[in-house]
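A.B. asks: So that we are looking at the same thing, I have put the structure below in structure tokens.
The values are calculated or read from the model by the stated rules, or taken from the named source; none is laboratory data. As the structure is a prediction and not an experimental result, all values here were calculated from the model. Neighbour counts are summed over all protein chains in view; Cβ atoms, including those assigned to glycine, are modelled from backbone coordinates with ideal geometry. Calculation scope for accessible area: heavy atoms of the full protein, side chains included, ligands and nucleic acids excluded. Shrake-Rupley method; radii C 1.70, N 1.55, O 1.52, S 1.80 Å.
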Amino acid sequence: MNIDQQLLSIIVCPACHGELSPATDAEELVCQGCGNAYPVRDDIPVLLVDEARKPD
Ligand SMILES: [Zn+2]
């Protein structure tokens with residue numbers, strides 16, 4: 001996964017506006033607020049609540 005750091009600094013979770021961090025073991029961005037994990041497809045984050053993997 002290769003996401004631009006500048007992009008990472010401006011995007012936020014669409015559900016809670018929390019900070020997003022790249023997952024270490026998956027092509028996902030994990031919200032530090034609500035825990036939703038957003039998929040990254042072709043290095044493009046998919047910031048849709050409907051597409052997010054919800055925390056347990
Ligand atoms: Zn969130």
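A.B. asks: With a probe of 1.4 Å, find how much accessible area the range 5-51 has per residue, and write the answer as a whole number in Å².
C.D. replies: Working: 2930 Å² over 47 residues.
It amounts to 62 Å² per residue over the range 5-51.
A.B. asks: What translational D, rounded to a whole number of µm²/s, comes out for the chain from Stokes-Einstein when the hydrodynamic radius is the Kirkwood one over Cα pairs, at 20 °C and 1.002 mPa s?
C.D. replies: Numbers: Rh = 10.9 Å.
D = 196 µm²/s.
A.B. asks: Then there is this: Report the label-to-label distance for Glu27 and Gln6 in nanometres (one decimal), using points 7 Å from each Cα along the Cα→Cβ vector.
C.D. replies: 2.5 nm
A.B. asks: Let me ask something additional. With contacts defined as alpha carbon pairs under 8 Å and 6 or more residues apart, what's the relative contact order of the range 5-51 in percent?
C.D. replies: Values: 68 pairs, mean separation 12.4, N = 47.
With pairs under 8 Å counted, the relative contact order is 26 percent.
A.B. asks: Additional query: Report the full-extension gain for the segment Glu19 to Cys34: residue separation times 0.36 nm, less the Cα-Cα distance, to one decimal in nm. Show your work: numbers first, answer last.
C.D. replies: Working: separation 15, 0.36 × 15 = 5.40 nm, distance 0.95 nm.
Difference between extended and current length: 4.4 nm.
A.B. asks: With a 10 Å radius around each residue's Cβ, average the other Cβ atoms per peptide and rank 37-50, 1-14, 18-31, highest first. Numbers along the way, then the final one.
C.D. replies: Details: 37-50: 13.9, 1-14: 12.1, 18-31: 16.1.
Peptide ranking by packing, descending: 18-31, 37-50, 1-14.
A.B. asks: To continue, here is another question. Share of the range 5-51's accessible area from carbon and sulfur, percent, 1.4 Å?
C.D. replies: Details: 1440 of 2930 Å².
Carbon and sulfur atoms account for 49 percent of the accessible area of the range 5-51.
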